[in-house]
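Asks: For reference, the structure I am asking about is given below.
The values are calculated or read from the model by the stated rules, or taken from the named source; none is laboratory data. Keep in mind the model is a prediction, meaning the values are calculated, not measured. Positions of Cβ are backbone-derived with ideal geometry, glycine not excepted, and every protein chain shown enters the neighbour counts.
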Amino acid sequence: MCLLAQGTPSWSSTLAPRSNLSRSHGGCRTTVTSFSFGSFSPVSHAGRSTQGYVTFSCPSAVADVELSAGDAGQFVARRMTADDASRSAIAYNIYLDASHTIVFGDGTEGSSTYVPGANVLTGSFPIYGEIAAAQPLLPAASYSDSVSITVNMVP
């Protein structure tokens with residue numbers, strides 16, 4: 001028997017998992033391309049990866065771009081929870097590098113922000129997601145998490 005878990009983080013305001021989303025706030029416009037893990041089978045003993053892009057355009061220079069910890073409240077152990085009564089959870093994370101070593105966050109708890117460089121008003125950068133291979137057996141369900149992007153401009 002193979003259990004499938006649909007793993008898609010659901011993002012707040014400026015970040016969307018399944019379709020392009022564009023949002024303006026504080027004069028900045030951010031767009032995140034599709035970012036979805038699709039179906040995941042915990043019995044396969046294989047992890048799952050995905051990639052997307054964050055694009056920003058602001059009226060003044062951008063200092064950095066942050067990502068919140070999500071519903072788990074910690075960067076090292078983000079998790080998506082089932083939308084059913086079980087409240088089961090899948091461990092996952094979002095990274096700034098393809099080798100999945102730099103956790104995208106707010107600069108605390110070992111996480112890093114994206115820093116675009118001096119006097120940058122517009123830009124784009126990749127983000128990488130990974131569901132860890134070692135997961136407990138989970139019920140088939142849709143799993144989600146809510147994270148927020150913050151663009152900090154140079155004062």
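Asks: Applying the selection to the stretch 58-106, what residues are in a loop (DSSP other than H, G, I, E, B), basic (Lys, Arg) and modelled with pLDDT of 85 or more?
Replies: Within the stretch 58-106, ARG78 is the sole residue that qualifies.
Asks: Can you tell me which residue in the stretch 137-150 is surrounded by the most Cβ atoms within 10 Å (Cβ to Cβ), limited to those that are part of a loop (DSSP other than H, G, I, E, B) and touching a Pro at 6+ places or on another chain (Cβ under 7 Å)?
Replies: Among those residues, the one meeting the criterion is ASP145.
Asks: While we're here: Filtering the stretch 75-111 down to residues that are of a type in the set (Ser, Thr, Tyr) and more than 15 Å from ILE131 (Cβ to Cβ), which residue is surrounded by the fewest Cβ atoms within 10 Å (Cβ to Cβ)?
Replies: Filtering first and then ranking leaves SER99.
Asks: Next question, about the same structure. If a residue has to be over 15 Å from GLY52 (Cβ atoms) and in contact with a strand residue (DSSP E or B) (Cβ under 6 Å, 6 or more places away or on another chain) to count, how many in the stretch 79-102 make the cut?
Replies: 11
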